[in-house]
Amino acid sequence: MTEKGKFSTATALAIVIANMIGTGIFTSLGFQLADIRSGFVIMTLWALGGLMSLCGALCYAELGAKLPRSGGEYNFLSEIYHPAAGFISGWISVTVGFAAPTALAAMTFGEYMSSVFPALNPLWLATFLVLVMTAIHSTSHKNSGGLQDFFTTGKILLIVGFSLAALIAVDQPQDISYIPAPSDLSLFTGGAFAVSLIYVGYAYTGWNAATYLTSEVEDPQKSLPRVLIIGTATVMICYLLLNYVFLAVAPMDDMAGKLEIGFIAANHAFGSVGGTVMGLSLSLLLISTVSAMLVAAPRVLQMLGEDYSLFHILGKRNSHGIPATAIWLQSILALLFLWTATFESILLFSGATMALNSLFVVAGVFILRRRGVGQHDASFKIPLYPLPPIIFIAISTVTLGYLTVQNPEEIAFSITLIITGAIGFFLTLKYSTKQEKSRPE
């Protein structure tokens, strides 16, 4: 029996999986194939992204057990560094962290649906999806959790079913080698690999989703580590399987630079009729992604509302304990991105900014350990410490370094976003009559 006003462990797991499996896995491969034509390098990219995400999940699991409050990075950075760091992180999370990916998932849903039904406008389809999901999630935990459980279960079944059916249906798999070749070395050391890793990192984004709901999850100190680790590992397996299937059933030339990778692969595997059916199924799959993001993201706004009186309206909950105002505001932000930005620009700057955000959070593991926070209690401890945080920080640093050289405008945007968040923090302190929750300075 789920505790009243709480999400069950199963729902928290569904939210993690649904947040992760969304736009990135069905679009990123096309961007990667524009510069990389090696099966071994492509699969290594996705395995490396999975390893990085698992390391990050382990770190967040320890932080979440030691600092059990909703808000994700907002909570962690506020407690580890300074309230200003948390505020900036919250600003990043509600904009490019969630609003932009929500827009991307809805945009991809619209594109897939309109490829099946050309008469339908993809932008209006995406808008309709965001509004419907917002209306349901702003009601109660029962309605919100039930919807999420249903669509996420369907998503996993669809991915497994599609993968098996495609491999069986294709007459002749593509001639791709997954054994390393001498020419692969230059690909691993080139800028294209690092930028592709940004796309992969974006596809894995969401492994930390449960930490945004910590206060609303049953027994978070025990359940949160399981949810983060199991959810991330499950998605990693699904991603490796899907990419193997995409590469096996469709020519690289047909997918390079294309957005609708799943639809292209389905057409090659099942023909035009089967491709249409799978295109429709894949568009429905993205519903759970939009849904999950509209569950997790508003909890950051809610925490801002609880901590700063200037935003007190965002901290209010309805009679079922749901922050409905925060959910509707998050929806409006997502719609702004949906109607004003292009797909690739959103993907790059949101991936870079969130990578920077997570980098500082994972570094906070060392700080909390040094302070001795949770050192002697029964909370979760990272296995093989300090390897997981070191691996995560190393991969993130290298990737961001290459991106700075290859795409400096995205890094410039990230820095601008951080500066505006800092300005917002000091203005908030100036115009707030009080802080609802005292924090250590």
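Please work out which residue is nearest to residue 24 (Cα to Cα), limiting yourself to the range 278-309 and to residues that are hydroxyl-bearing (Ser, Thr, Tyr) and part of a helix (DSSP H, G or I).
Of all residues in the range 278-309, those hydroxyl-bearing (Ser, Thr, Tyr) come to 281, 283, 288-289, 291, 308-309.
If we keep only those that are part of a helix (DSSP H, G or I) as well, we get 281, 283, 288-289, 291, 309.
Values: 281: 17, 283: 13, 288: 14, 289: 11, 291: 16, 309: 37 Å.
Looking at the filtered set, the residue picked out is 289.
Residues of the range 104-127 being aliphatic (A, V, I, L, M) and assigned to a helix (DSSP H, G or I), which ones?
The first filter runs over the range 104-127 and keeps only residues aliphatic (A, V, I, L, M), leaving 104-107, 113, 116, 119-120, 123, 125-126.
Answer for the range 104-127, where residues must be aliphatic (A, V, I, L, M) and assigned to a helix (DSSP H, G or I): 104, 105, 106, 107, 113, 116, 123, 125, 126.
Please work out if residue 77 is touching a helix residue (DSSP H, G or I) at 6+ places or on another chain (Cβ under 7 Å), touching a residue at least 40 places away in the same chain (Cβ under 8 Å) and not acidic (Asp, Glu). Steps first, please.
Values: touching a helix residue (DSSP H, G or I) at 6+ places or on another chain (Cβ under 7 Å): yes; touching a residue at least 40 places away in the same chain (Cβ under 8 Å): yes; not acidic (Asp, Glu): yes.
Criteria met by residue 77.
If you take the residues in the range 35-47 that are assigned to a helix (DSSP H, G or I) and in contact with a helix residue (DSSP H, G or I) (Cβ under 7 Å, 6 or more places away or on another chain), which one is modelled with the lowest pLDDT?
Selected residue: 39.
Could you grab me the full set of residues in the range 280-307 that are surrounded by 24 or more Cβ atoms within 10 Å (Cβ to Cβ) and not hydrophobic (A, V, I, L, M, F, W, C)?
Within the range 280-307, 283, 288, 289, 291, 298, 299, 302, 307 meet the criteria.
Can you work out which of the residues in the range 315-337 that are modelled with pLDDT under 85 and farther than 13 Å from residue 137 by Cα is surrounded by the fewest Cβ atoms within 10 Å (Cβ to Cβ)?
Selected residue: 319.
Consider only pairs whose beta carbons are under 7 Å apart and that are at least six residues apart or on different chains; among these, list those whose first residue lies in the range 20-49 and is in contact (Cβ under 8 Å) with a residue 60 or more places away in the chain and aliphatic (A, V, I, L, M) and whose second residue is surrounded by fewer than 21 Cβ atoms within 10 Å (Cβ to Cβ) and not in a helix (DSSP H, G or I).
33/256; 34/256; 34/257; 43/178
Six or more apart or on different chains, Cβ atoms under 8 Å: show the pairs whose first residue is in the range 50-69 and under 20 Å from residue 17 (Cβ atoms) and modelled with pLDDT of 90 or more and whose second is in a loop (DSSP other than H, G, I, E, B) and polar (S, T, N, Q).
Cβ pairs passing all conditions: 56/208; 57/208; 60/208.
Please verify whether residue 162 is of a type in the set (A, V, I, L, M, F, W, C), outside any loop (DSSP other than H, G, I, E, B), in contact (Cβ under 8 Å) with a residue 12 or more places away in the chain and under 23 Å from residue 98 (Cα atoms), treating the condition exactly as stated.
The answer is no for residue 162.
Going by the structure shown, is residue 95 over 23 Å from residue 317 (Cα atoms) and either part of a helix (DSSP H, G or I) or touching a helix residue (DSSP H, G or I) at 6+ places or on another chain (Cβ under 7 Å) (or both)?
no
Can you tell which of 295, 277, 300, 235 is hydrophobic (A, V, I, L, M, F, W, C), modelled with pLDDT of 90 or more and in contact with a helix residue (DSSP H, G or I) (Cβ under 9 Å, 6 or more places away or on another chain)?
235
Of the residues in the range 338-378, how many are modelled with pLDDT under 65 and not small (Gly, Ala, Ser)?
10
Is it the case that some residue within the range 13-34 is of a type outside the set (Val, Ile, Thr), surrounded by fewer than 24 Cβ atoms within 10 Å (Cβ to Cβ), on the phi < 0 side of the Ramachandran plot and not in a helix (DSSP H, G or I)?
Checked against the condition, which is being of a type outside the set (Val, Ile, Thr), surrounded by fewer than 24 Cβ atoms within 10 Å (Cβ to Cβ), on the phi < 0 side of the Ramachandran plot and not in a helix (DSSP H, G or I), the range 13-34 yields at least one hit.
Just give me the residues in the range 312-324 being without any contact (Cβ under 8 Å) to a residue 24 or more places away in the chain, of a type outside the set (A, V, I, L, M) and either in a helix (DSSP H, G or I) or within 15 Å of residue 213 (Cβ to Cβ) (or both), in sequence order.
317
Would you check if residue 309 is under 18 Å from residue 13 (Cα atoms) and touching a Lys or Arg at 6+ places or on another chain (Cβ under 8 Å)?
no
Within the range 103-118, can one find any residue that is free of Cβ contacts under 8 Å to residues at least 40 places away in the same chain, surrounded by fewer than 24 Cβ atoms within 10 Å (Cβ to Cβ) and either closer than 16 Å to residue 18 by Cα or touching a Ser or Thr at 6+ places or on another chain (Cβ under 7 Å) (or both)?
no
Return the residues of the range 128-159 that are in a helix (DSSP H, G or I) and among the β-branched types (Val, Ile, Thr); say none if nothing qualifies.
130, 132, 134, 136, 152, 153, 156, 159
Scan the range 244-261 and tell me whether some residue there is in a helix (DSSP H, G or I) and free of Cβ contacts under 8 Å to residues at least 40 places away in the same chain. Walk me through how you get there before you give the answer.
Narrowing the range 244-261 to residues in a helix (DSSP H, G or I): 244-249, 252-255, 261.
From what's left, free of Cβ contacts under 8 Å to residues at least 40 places away in the same chain: 253-254.
Yes, the range 244-261 contains at least one residue that is in a helix (DSSP H, G or I) and free of Cβ contacts under 8 Å to residues at least 40 places away in the same chain.
The values are calculated or read from the model by the stated rules, or taken from the named source; none is laboratory data. Note that the structure is a prediction, hence the values are computed from the model and not measured. FYI the Cβ positions are ideal-geometry reconstructions off the backbone, even for glycines, and counts take in every protein chain you see.
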